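All of the numbers you see were taken from the coordinates with simple rules; none came from a lab. Please read these numbers as outputs of a predicted model, since none were measured by experiment. A quick note on method: Cβ atoms are made from the backbone with ideal geometry, for glycine too, and the neighbour counts reach across all protein chains shown.
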Amino acid sequence: MANLERAPRKSFNDLIYDLIFKNYVWQSIFRTGYPNTPRNQMLAVATNVFLHLHPTRIHRTHVKITHTYCLGGLSFFMFLGLTVTGVLLMFYYVPSIERAYQDIQELEANVRFGQLLRNMHRWMAHAMIILVLLHMMRVFYTGAYKPPREFNWVVGVVLFILTLLLSFTGYLLPWDQLAFWAITVGTTMVGSAPVLGDESKFLLLGGFSVGPNALIRFYTLHVIGLPLVISIFMAVHFWRVRRDGGLARPL
Amino acid sequence: MVSRAAAAIRTRPRREREQEVLVWPDLVFIEFISALIFSIALMVLSAMVNAPLLNRADPDTTPNPSKAPWYFLNLQELLLHMEPAWAGVIVPTIALVLLAAIPYWDRDTQGQGVWFGTKFAGRLTVFGFTAATLITSLLIIWDGSLHVVWTENIIRGLGLNSDFSWPGGLDWFRNLRGFDTGIPWESLGFTIGGFTMFEDWRAIPLGIPGTTTDPWLLNLNFPSFLSQQIIPVATMVGLPVAFVVFCKMLGWIQTRRDIALLIFSAFIGVYLTTTIVGTAFRGQGQDLKPPWDIVVLEE
Ligand code: HEM
């Protein structure tokens, strides 16, 4: 009978598992092990900084891929990716008309993975615009803007505008012909406004045409001003999704 | 009157806990996988296609064509067909305000949370999108005078008339500006009771001299006003109205949601068409060209 009281021998796998997940350092970071009971899974979502944007439980129709196609989440993911790659780009880039273009050339030629970094930032920016537009279409066609979500739809429209502005301000930074003339064309359109057209254009460019002042303004807006503003609106957007009772579903 | 907050709770569906699943693992897993797929796809794309970098910016050499970033090319496309103030500022502002206003106008809580929630939603979407795409393309072709080129080529090609050219009497139908340049406005004045009315359509006195220096406000150039403002704006207002009336006659429209579906889909059609034309079909001097014929010159 004494046999039964002896602890079963640990397998090799268990030993490795314990070594990785049951040591002092790991447990100081993750206080509990893998959440394998419903109660612990809910706690994991509710108590983790990153996961707590979610509710702990959601309606089963909303986890179907075909309901949201993850488009809002992916827009946000693009924003995160752009922030990471953007910060890395800032290490190499100086927003002056003497250095900007050269910095980009050197980034591409001399920095390890520099070209890849720039490509990622560029293509993610394009992807984000497309994803935001598709997200708007999915919200529209599922009728998810209806009460009580009116205001969150408006927040969404603001997010769309901010996304475009972020991309537009970034477009000037490489200071090549593409950048220069695209911004010239774009700001000329602003200048044609019937009221305050010339004034807005002047404010945006810090002058009458695209030059050093425009570059520093676009840079500042691109790396700090607009990201801050869009983060605030995103926070409100996500909060409202929760406050409005999760995603829309039929009454 | 119930408070908005109370109304917001009331318009929520009842919570059905038995129908709920746990965010961990069900949703977190999907999010993780989709993020992974996107990361890999973007990595692959970035490894294969380089972001463009042209010559250093030079204010003295203008590329022809000069284009805004692709997501503004729909507006740049509009610019070719109307007064810049409309295309660049007023139209987009109105479009965004209307877009934001949709939920304040279509407030019925029925049909939310399901794809294409009304009976005719599918038809309205397909019709709105297709018809708007077609009509926009036709309008662009017309304003690019392609119908003139095509007609001339066909008639010449068939050997009907080897030196046929577009009849002068139809000059007004060459393109939008035809309403300005193709009509003999000079001879359209008339006399009532000894007064000659509209002797000069190109300078109809409006303002009181001395109150403004803006010649446009002093003297209205009616033919140009007609082709650059009245016709474009009437088209942008009239077509959506016509769409709604047409679908109403077919019995497809029963609620505001239906109207919203129709107009939104049409909007997406116009948005896409103008973006694509602006991006891929505009060559030097913003002429209509097939994509393979477009080269950028530096001048
Ligand atoms: C930077 C841009 C945006 C981000 C990161 C974002 C993110 C999200 C996320 C993560 C959700 C949760 C559901 C889902 O993934 O579909 C959501 C829902 C929603 N979004 Fe956005 N969004 C953005 C732009 C927009 C735009 C442009 C609109 C509309 C004009 C919009 C309107 C809404 C509405 C009404 C909901 C609630 C949907 C429902 O209840 O089913 N959002 N958004």
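So what's the gap between the Cα centers of region B:72-134 and region A:31-57, to the nearest angstrom? After rounding, the separation between the Cα centres reads 40 Å. Relative contact order for chain A: 18 percent, from Cα pairs under 8 Å spaced at least 6 residues apart, divided by residue count. If R0 is 51 Å, the Cβ-Cβ spacing of B:LEU170 and A:LEU196 corresponds to a FRET efficiency of close to 0.75. Placing a pseudo-label 7 Å from each Cα along the Cα-to-Cβ vector at A:VAL25 and B:LEU45 gives an inter-label distance of 3.8 nm. A simple count of charges around B:LEU73, restricted to other residues whose Cβ falls under 14 Å of its Cβ and scoring Lys, Arg +1 and Asp, Glu -1, yields +1.
For the protein assembly as shown, DSSP calls about 100 percent of its internal beta bridges antiparallel.
Pairs from the list B:LYS67/B:LYS289; A:LYS22/A:LYS64; A:LYS64/A:LYS146 with a Cα-Cα gap above 25 Å: A:LYS22/A:LYS64.
Restricting the GluC sites (Glu not before Pro) of region A:83-123 to loop positions (DSSP other than H, G, I, E, B) with no more than 14 neighbouring Cβ atoms within 10 Å leaves A:GLU98.
For the peptides A:30-43, B:20-33, residues were scored by their other Cβ atoms within 10 Å and the scores averaged per peptide; the highest-first order is B:20-33, A:30-43.
Placing +1 on each Lys and Arg Cβ and -1 on each Asp and Glu Cβ, with no other charges, gives region A:1-94 a dipole about its Cα centre of roughly 300 debye. Among the trypsin sites (Lys or Arg not before Pro) in region B:97-162, those placed in a DSSP loop whose Cβ has at most 16 other Cβ atoms within 10 Å are B:ARG107, B:LYS119. Across peptide A:61-68, the mean count of Cβ atoms from other chains lying within 10 Å of each residue's own Cβ comes to 3.
The ranking of A:SER192, A:SER209 from fewest to most other beta carbons within 10 Å of each one's beta carbon is A:SER209, A:SER192. For region A:108-154 and region B:250-299, write down the distance between their C-alpha centroids in whole Å. A separation of 20 Å, based on Cα centres.
Averaging 1/r across all pairs of distinct Cα atoms in region A:13-53 and inverting the result yields a Kirkwood radius of 11.2 Å. Close amide H partners of B:GLU298, meaning residues 5 or more places away or on another chain with modelled amide H under 5 Å apart, are B:ASN64. Between B:ARG177 and B:TYR271, the C-beta separation translates, for a Förster distance of 30 Å, into a calculated FRET efficiency of about 0.75. Applying 1/(1 + (r/R0)^6) with R0 = 41 Å to the Cβ-Cβ distance of A:MET137 and A:PHE12 gives a FRET efficiency near 0.20.
Computed extension length for B:VAL295-B:THR191: 32.1 nm, one decimal, from 0.36 nm per residue of separation with the Cα-Cα distance subtracted. Stokes-Einstein diffusion of the protein assembly as shown at 20 °C, 1.002 mPa s viscosity, Kirkwood radius from Cα pairs, rounded to a whole number: 77 µm²/s.
The modelled label-to-label distance between A:ILE232 and A:GLU106, using points 7 Å beyond Cα along the C-beta direction, is 3.6 nm.
Taking chain B as a Gaussian network of alpha-carbon nodes connected by springs under 10 Å, the highest mean-square fluctuation of the residues B:GLY144, B:GLY128, B:GLY194 belongs to B:GLY194. Spacing of the modelled spin labels on B:ARG256 and B:SER137, each 7 Å from Cα toward Cβ, amounts to 3.4 nm.
The mean sequence distance of close C-alpha pairs (under 8 Å, at least 6 residues apart), as a share of the length of chain B, puts its relative contact order at 27 percent. Here the gap between A:ARG99 and A:ARG60, fully extended at 0.36 nm per residue and compared with their Cα-Cα distance, gives a gain of 8.7 nm.
Positive contributions from Lys and Arg (+1) and negative ones from Asp and Glu (-1), summed over other residues with Cβ under 10 Å from the Cβ of A:GLN105, come out at -3.
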